[in-house]
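Asker: Can you read through this structure? Questions will come right after.
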């Protein structure tokens, strides 16, 4: 199961529990938590479509040195 699906399931579970509550403050808290889960699911979806490659400064410098050598040749 993807993280976004897991987060949406958590949101639905919060809403299900909130539906059965009679205390307005507790109900509101669970609805707010569900909103947070849905937002997290959307962010996870966006993140899954983004490729981030981190290279250490040392690796970046090595690439620059290699590039400089190729230009000289």
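Laboratory data are not the source of any read-out in this text; all were calculated from the coordinates shown. Everything quoted here is computed from the prediction, not taken from an experiment. Cβ coordinates were reconstructed from backbone atoms using ideal geometry, including for glycine residues, and neighbour counts include every protein chain displayed.
Asker: Quickly rank 35-47, 12-24 as a protection proxy: mean count of other C-beta atoms within 10 Å, highest first.
Answerer: 35-47, 12-24
Asker: Taking every alpha carbon pair in the chain, what does the distance histogram look like in 5 angstrom bins from 0, in percent?
Answerer: Percent of Cα pairs in each bin: 3, 15, 14, 11, 9, 8, 7, 6, 6, 6, 5, 4, 3, 2, 1, 0.
Asker: Same structure again: Taking Cα pairs under 8 Å and at least six residues apart, what relative contact order does the range 1-67 come out at, in percent?
Answerer: Values: 41 pairs, mean separation 24.5, N = 67.
Value for the range 1-67: 37 percent.
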